[in-house]
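**Student:** Structure in structure tokens, see below.
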Amino acid sequence: MSELSKMLTAAIGAGILLGATATQAQQAPLKMTLFGQPSVNNDAIWMAFEKGYYQQEGLDVTYRLFPSGTTAFQSFQTGQGDIVMTGDLPSVQYFFRVKGDYRTIAVVERDAKGYVAVARKEITKPQDLLGKTVATRVGSTGSWFISEYLTKNGVDPSKVAVKNLDTQVLPAALCGGEIAAFFIWQPIGSRTLEICPDKAHYLTDATGYIQGYLVAGARPEWLSRPQGKDTAIRWLRATMKGRDVAEKDFAAVAAYAKAKLDLSEKATREQWDTNIR
């Protein structure tokens, strides 16, 4: 073989190798849709987005926010979304409602202090709620919190009216006097105290009443498919990297919360401090 032929052969071989490498690099990322909530206990997910960990895992993640996991499940049940973030009570209720067509795949965060009861200033003890109206997103972990709080403090739950309100409505309802208190997770409490500090205060957190969990779930059929399984594993791997950043870098979490959700640093800090990731 002549020297020219050898050079051409080498060039062609190199071209084939580079072409194969380029093809691998240009493979379309795995698409998935994630349902979440505008709450700081999602900060592991936030940091996975912020630091590019999902992209590094070859994922193209669409992130849809819902005011609560209970609300997210309404869309998830119609076939939308791949992974859904919710509280533990809504996930159990959903499991039975869809006859087992749901799997919890990870616990992302748990705590008690991040669940709060915020009340009007005149409400200072459990007994003050007798004959009053309190609110939560009915079906959420807030419902469980109300039940445990009233029962453990000797207040007949049948004598306290519970109003179903989505999370974004709760601050205005309390500040406007429509309800006497609400039981929900942060940062709804922090936002309320920023809006009407002269009318509202923290009645209690959930310590001694409940331990709330933020869980990730998916459909068994999606998880059973090779692509679904691969996507879930990649998502978990990236989210764990996000967790490692979130638990150490408050400034990054606060910056994301301000930019994406217009949360104050104080409101972010209150929940960041209580997160057990």
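**Student:** Is it the case that region 82-103 has a residue that's over 14 Å from the mean Cα position of the chain (by Cα) and either part of a strand (DSSP E or B) or closer than 21 Å to Ala255 by Cα (or both)?
**Tutor:** Looking through region 82-103, at least one residue is over 14 Å from the mean Cα position of the chain (by Cα) and either part of a strand (DSSP E or B) or closer than 21 Å to Ala255 by Cα (or both).
**Student:** Any idea which of Thr192, Thr151 is in contact with a Cys (Cβ under 9 Å, 6 or more places away or on another chain) and not assigned by the TED database to the domain that holds Asn41? Lay out the reasoning, then the answer.
**Tutor:** Details: Thr151 fails: in contact with a Cys (Cβ under 9 Å, 6 or more places away or on another chain).
Answer to the selection: Thr192.
**Student:** Which number in (1) free of Cβ contacts under 8 Å to residues at least 40 places away in the same chain; (2) of a type outside the set (Phe, Trp, Tyr); (3) surrounded by 16 or more Cβ atoms within 10 Å (Cβ to Cβ) marks the one condition that Arg110 misses?
**Tutor:** (1)
**Student:** For region 136-193, enumerate the residues that are touching a residue at least 24 places away in the same chain (Cβ under 8 Å), touching a Pro at 6+ places or on another chain (Cβ under 8 Å) and of a type in the set (S, T, N, Q).
**Tutor:** Ser140, Thr141, Asn153, Thr167, Gln168, Thr192, listed by residue number.
**Student:** For region 245-265, state whether one or more residues are crowded, with 22+ Cβ neighbours inside 10 Å, in contact with a Gly (Cβ under 9 Å, 6 or more places away or on another chain) and in the same structural domain as Gly81 (by the TED database).
**Tutor:** So far as region 245-265 goes, no, none of its residues is crowded, with 22+ Cβ neighbours inside 10 Å, in contact with a Gly (Cβ under 9 Å, 6 or more places away or on another chain) and in the same structural domain as Gly81 (by the TED database).
**Student:** Across region 124-152, what is the total count of residues that are among the small types (Gly, Ala, Ser) and either assigned to a strand (DSSP E or B) or open to solvent by 60 Å² or more (accessible area, probe 1.4 Å) (or both)?
**Tutor:** We begin by selecting, within region 124-152, every residue among the small types (Gly, Ala, Ser); these are 131, 135, 139-140, 142-143, 147.
Checking which are either assigned to a strand (DSSP E or B) or open to solvent by 60 Å² or more (accessible area, probe 1.4 Å) (or both) leaves us with 131, 135.
Number satisfying all stated conditions: 2.
**Student:** Collect the residues in region 213-231 that are assigned to a strand (DSSP E or B) and closer than 19 Å to Phe96 by Cβ, keeping them in residue-number order. Before the answer, list the steps.
**Tutor:** Filtering region 213-231 for residues assigned to a strand (DSSP E or B) gives 213-218.
Hits for region 213-231 are Tyr213, Val215, Ala216, Gly217, Ala218.
**Student:** Now a separate question. Among (1) surrounded by fewer than 19 Cβ atoms within 10 Å (Cβ to Cβ); (2) in contact with a Ser or Thr (Cβ under 9 Å, 6 or more places away or on another chain); (3) over 27 Å from Glu270 (Cβ atoms), where does Ser75 come up short?
**Tutor:** (2)
**Student:** Right, next: What number of residues in region 112-122 are within 30 Å of the chain's Cα centre (by Cα) and over 19 Å from Asp88 (Cβ atoms)?
**Tutor:** Keep residues of region 112-122 that are within 30 Å of the chain's Cα centre (by Cα), which gives 112-121.
Those left that are additionally over 19 Å from Asp88 (Cβ atoms): 118-121.
Qualifying residue count for the region: 4.
**Student:** Looking only at region 167-203, how many residues end up being within 22 Å of the chain's Cα centre (by Cα) and in a strand (DSSP E or B)?
**Tutor:** Selection size over region 167-203: 4.
The values are calculated or read from the model by the stated rules, or taken from the named source; none is laboratory data. Quick caveat: nothing in here was measured; it's all calculated off a predicted structure. Please note: Cβ atoms are built from the backbone with ideal geometry, for glycine as well, and neighbour counts cover all protein chains shown. Accessible surface is based on the protein model in full, side chains and every heavy atom, while ligands, DNA and RNA are left aside. Shrake-Rupley method; radii C 1.70, N 1.55, O 1.52, S 1.80 Å.
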